[in-house]
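What follows is a single structure, written as structure tokens, with notes after it.
The values are calculated or read from the model by the stated rules, or taken from the named source; none is laboratory data. As the structure is a computational prediction, the values presented were derived from the model and not from experiment. We place every Cβ from the backbone using ideal geometry, glycine too, and count neighbours over all the protein chains shown. These accessible areas exclude ligands, DNA and RNA; they are computed on the full protein's heavy atoms, side chains included. Shrake-Rupley method; radii C 1.70, N 1.55, O 1.52, S 1.80 Å.
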Amino acid sequence: MIILGLDISSSRIGYCLINENEDLLLVDEIKLKPSQSLEARADIFKKEMECIIRSLQQQEVDYVFIEQPFMAFSGGKTTATTMAKLQRFNGMCSYVVHDLFGSPAAQLQTNKARGLVGLKIKRGDNTKLKVIEWVSNKYPKEFIVEYTRHGNPKPGTDDKADSVVIANAGLKNLQINP
């Protein structure tokens with residue numbers, strides 16, 4: 001069994017593949033340009049997913065899980081326009097998944113996904129860093145964190161880490177609800 005986990009935003013898409021033993025088979029990101037239309041970005045996503053399908057040769061992706069986009073404003077950081085754009089793009093990517101893999105992706109709410117894998121984040125903690133830490137502890141050889149010269153994880157690291165959490169949570173969800 002192969003599970004694809006996706007963390008979709010309009011600027012980057014983190015993705016990973018795991019198997020039923022929670023082995024990390026692939027983790028990467030797709031960088032998208034803000035100057036491109038959402039449709040052009042969805043085409044880039046589709047081409048990348050087609051490459052993944054070809055690289056699997058005889059194997060198939062059995063399940064796809066996508067991190068559900070935020071549905072509420074988060075402390076003044078997100079505007080209604082941004083939320084609408086993200087929802088629209090998530091829908092486009094969900095359609096691509098359905099088209100390529102033959103079934104719809106399951107949407108997982110962020111906090112539920114973290115709960116399913118046992119990732120607890122205390123109020124006040126840096127969520128992105130805690131998620132990256134959890135993934136790098138679970139996959140110390142496969143998930144190598146690169147840092148900027150200022151000591152921060154390189155951009156995209158959090159998107160890749162989120163996709164790993166989503167894939168693992170999807171597997172846990174399948175085990176609980178076969």
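Give the residue, chosen from VAL96, VAL64, that is within 12 Å of the chain's Cα centre (by Cα), open to solvent by less than 60 Å² (accessible area, probe 1.4 Å) and in contact (Cβ under 8 Å) with a residue 24 or more places away in the chain.
Details: VAL96 fails: within 12 Å of the chain's Cα centre (by Cα).
When all the criteria are applied, what remains is VAL64.
Please return the ranges of helices (runs of 4 or more DSSP H) entirely within region 53-147 where 1 or more residues are closer than 23 Å to ALA40 by Cα.
Output list reads 80-101.
Output the residue which, of all residues in region 159-178 that are assigned to a helix (DSSP H, G or I) and out of contact with any strand residue (DSSP E or B) (no Cβ under 8 Å at 6 or more places or on another chain), is surrounded by the most Cβ atoms within 10 Å (Cβ to Cβ). It would help to see each step written out before you state the result.
Step one: of region 159-178, the residues assigned to a helix (DSSP H, G or I) are 159-176.
Next, from what is left, pick out any that are out of contact with any strand residue (DSSP E or B) (no Cβ under 8 Å at 6 or more places or on another chain): 172, 175-176.
On the way: LYS172: 17, GLN175: 10, ILE176: 8.
By that ranking, first place goes to LYS172.
Report whether or not LYS85 is closer than 25 Å to LEU174 by Cβ, surrounded by 14 or more Cβ atoms within 10 Å (Cβ to Cβ) and over 15 Å from the mean Cα position of the chain (by Cα). Explain how you work it out, then say what you get.
Numbers: closer than 25 Å to LEU174 by Cβ: no; surrounded by 14 or more Cβ atoms within 10 Å (Cβ to Cβ): yes; over 15 Å from the mean Cα position of the chain (by Cα): yes.
So LYS85 fails the test.
Identify, please: which residue in region 99-141 is buried (at least 18 other Cβ atoms within 10 Å of the Cβ) and touching a Ser or Thr at 6+ places or on another chain (Cβ under 8 Å) and is, among those, modelled with the highest pLDDT?
ILE132
Select from region 142-153 the residues that are open to solvent by less than 90 Å² (accessible area, probe 1.4 Å) and touching a strand residue (DSSP E or B) at 6+ places or on another chain (Cβ under 7 Å) and list them in ascending order.
Those that are open to solvent by less than 90 Å² (accessible area, probe 1.4 Å) and touching a strand residue (DSSP E or B) at 6+ places or on another chain (Cβ under 7 Å): PHE143, VAL145, PRO153.
Tally time: how many residues in region 7-51 are touching a Phe, Trp or Tyr at 6+ places or on another chain (Cβ under 9 Å), surrounded by fewer than 17 Cβ atoms within 10 Å (Cβ to Cβ) and in a helix (DSSP H, G or I)?
Residues flagged as touching a Phe, Trp or Tyr at 6+ places or on another chain (Cβ under 9 Å), surrounded by fewer than 17 Cβ atoms within 10 Å (Cβ to Cβ) and in a helix (DSSP H, G or I) within region 7-51 amount to 2.
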